[in-house]
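Only one structure is covered here, and it is reproduced in the block below.
Each reported figure results from applying straightforward, stated rules to the coordinates on display, with no laboratory input. Not measured: the values here are computed from a predicted model. When we count neighbours, we look across all protein chains shown, and the Cβ atoms used for this are built from the backbone with ideal geometry, even at glycine.
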Amino acid sequence: MKITVIGAGAIGGNLAAKLSTAGHDVQVANARGPEAVRAEVLESGARAADLADAVQDRDVIVLAIPFGAAGQLAGLFASVPDETVVIDTANYYPGMLSEPIEAVDHGQAESVYTAEQLGRPVVKAWNAALAETQRTKGVPAGTPGRLAIPVAGDTEEARKVAMHLVDDTGFDPYDAGTLADSWRQQPNGPAYCTELTLDELPAALAAADRAKDAAIRDSLPQRFAALGANPTVDDVVEMNRAAHR
């Protein structure tokens, strides 16, 4: 597939490398221009591209940008065909990584808000796995204990495309329903960054609680500080799991 990843940080860099390795035609773009894309992001064959050019004639566009920034791209996406699948990977951390957003604070699902700001439908994927989990723990399909990633979107066709790509990055995709249901995979629910298998993930999504999960999310600075210096990915995963015991 022809794929553009917008954003070349930890998540965007991971996805560009993995999707390129899987044989897709991958472009990487960000607001600072192609020269700002790190060389290691391109080592697997992805190409840096100008942002305006990178959204044209693509099958899939992956947004690996901070939550709340999608509205800045609305003009750019006005000319993107409806059949192009747009995947949102962002998470809302008010007061930490984002300014508070009233609509989301009052219960609107993060990616529903993003779709409204962007002016087109999106699919929610890859948000519920740590960057280091994505980088190091993807394995071939059929491997025992393979971790799963939830995918939510409003059309079966778009979900299937995103699920295929999740599989290509080394994780079992799970159909998590419509975008309105994607709050179940937001920070810091039982399914969020807890490294679950396909058998374990459905129950974790079902156990999500909007108020409780938001409170756990907002306590992240204190909980993370308690881990001490240089926590491992396994430390962070255990911290997330422990919050729901």
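Numerical summary
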quantity: Convex hull volume of segment 1-103 per residue (C-alpha atoms, cubic angstrom); calculated: 101
quantity: R0 of 22 Å, Cβ-Cβ distance E132-E35: FRET efficiency to nearest 0.05; calculated: 0.25
quantity: DSSP beta bridges in segment 1-128 [antiparallel fraction, %, rounded to 5]; calculated: 0
quantity: FRET E, pair H106, L198, Förster distance 45 Å, beta-carbon r, rounded to 0.05; calculated: 0.85
quantity: Relative contact order (%) - the chain, alpha-carbon pairs under 8 angstrom, separation at least six; calculated: 15
quantity: Solvent-free Debye scattering, log10 I(q)/I(0), computed from the Cα coordinates of segment 103-171 at q = 0.12, 0.15, 0.18, 0.23 Å⁻¹; calculated: -0.38, -0.57, -0.76, -1.01
quantity: Dmax and Rg, reported as Rg then Dmax, of segment 103-245 (C-alpha, Å); calculated: 15.0, 44
quantity: More than 15 angstrom apart: percent of Cα pairs within segment 25-73; calculated: 47
quantity: Most to least packed among 84-91, 54-61, 238-245 [average Cβ atoms within 10 Å]; calculated: 84-91, 54-61, 238-245
quantity: Share antiparallel - DSSP beta bridges, segment 54-164, percent rounded to 5; calculated: 10
quantity: Between segment 41-76 and segment 159-200, the Cα center-to-center distance that results, in Å; calculated: 22
quantity: Added length on full extension, which subtracts the Cα-Cα distance from 0.36 nm per residue, T155 to Q56; calculated: 33.4 nm
quantity: Kirkwood-type radius of segment 39-149, with distances r between different C-alpha atoms, in Å; calculated: 15.9
quantity: Pairwise label distance in nanometres, A215 with A180, each label 7 Å out on the Cα-Cβ vector; calculated: 2.7
quantity: Efficiency of FRET between V139 and E116 - r from beta-carbon atoms, R0 30 angstrom, step 0.05; calculated: 0.25
quantity: Column: log10 I(q)/I(0), Debye, Cα scatterers of segment 57-110, q = 0.12, 0.23 Å⁻¹; calculated: -0.33, -0.95
quantity: Around T114: net Lys/Arg minus Asp/Glu count, Cβ-Cβ under 9 Å; calculated: -2
quantity: Taking segment 146-245 and dividing mean pair separation by its residue count, relative contact order in percent (alpha carbons under 8 Å, at least six apart); calculated: 26
quantity: Extreme residue, positive dipole direction of segment 58-184, given options G138, A180, N91 (C-beta unit charges); calculated: G138
quantity: Dipole moment magnitude, nearest 20 debye, segment 111-245 about Cα centre, only Lys, Arg, Asp, Glu C-beta charged; calculated: 280
quantity: Long-range amide H partners of V5 with built H, under 5 Å; calculated: Q27, V28, A29, V62
quantity: DSSP bridge orientation in the chain - percent antiparallel, rounded to nearest 5; calculated: 10
quantity: Label assignment, Rg/Rh (Cα atoms, Kirkwood Rh) derived from the structure, set (1) 0.97; (2) 0.94; (3) 1.00; calculated: (2)
